[in-house]
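The values are calculated or read from the model by the stated rules, or taken from the named source; none is laboratory data. For clarity, every value in this text was computed on a predicted model and none was experimentally measured. Don't worry about glycine lacking a Cβ; one is built from the backbone with ideal geometry, like all the others, and counts go over all protein chains shown. Only protein heavy atoms, including side chains, enter the accessible area calculation; ligands, DNA and RNA are left aside. Shrake-Rupley method; radii C 1.70, N 1.55, O 1.52, S 1.80 Å.
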Amino acid sequence: GWDRIENMLWRVDHGELDGYNAEHIFIMAGTNNVFRDTNEEIADGVIELVRQIRIRQPKARIHIVRIYPRRGVEERLRKLNDRLEEKAAGMKNVDIVNVDSVLTGSDGKIIESLFNDGCHPNSAGYERVANVYEKYLTR
């Protein structure tokens, strides 16, 4: 819990991906940086994480998962995720996974019944998320 981008970078730099030949890597990073870092710092950190993973897993398709929406900061996260997408545009063998549409209503706010605590999806929320992820694995 409370893993931040810098923790993930440290683990990648210290062998976490050694010995693997991954086809797909889903990166879920940044939510725990939201209340301490700027959008720009978070987006830059995720892009650096992608670069470091690419060095170690050159054949893998990297899927950057937009930070899941969470209660009270939905608008900020939309802006942050949009900035992240801008920075990732044009990166080879990288795509963006967006689960916002399955976790938020037409008003852009989270669907409360899909979350345990306004941040972490419950089983119904994760079922919706899994359906989105599956599309990236079967392409």
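Figures for the structure shown
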quantity	calculated
From the options GLY72, GLY108, GLY118, residue that is over 24 Å from ARG11 (Cβ atoms), open to solvent by 30 Å² or more (accessible area, probe 1.4 Å) and in a loop (DSSP other than H, G, I, E, B)	GLY72
Members of the range 30-46 found to be closer than 11 Å to ASN81 by Cα and crowded, with 16+ Cβ neighbours inside 10 Å, listed by number	GLY30, THR31, ASN39, ILE42, ALA43, VAL46
Hits in the range 52-69 (condition: under 13 Å from ALA29 (Cβ atoms) and open to solvent by 30 Å² or more (accessible area, probe 1.4 Å))	GLN52
Criterion (at pLDDT 95 or above, assigned to a helix (DSSP H, G or I), over 18 Å from VAL129 (Cβ atoms) and acidic (Asp, Glu)) met by exactly one of ASP44, ASP37	ASP44
Looking only at the range 1-29, and only at residues there that are part of a helix (DSSP H, G or I) and of a type in the set (D, E, K, R), the one that is surrounded by the most Cβ atoms within 10 Å (Cβ to Cβ)	GLU6
Which numbered condition GLY90 misses (of (1) open to solvent by 50 Å² or more (accessible area, probe 1.4 Å); (2) at pLDDT 95 or above; (3) not hydroxyl-bearing (Ser, Thr, Tyr))	(2)
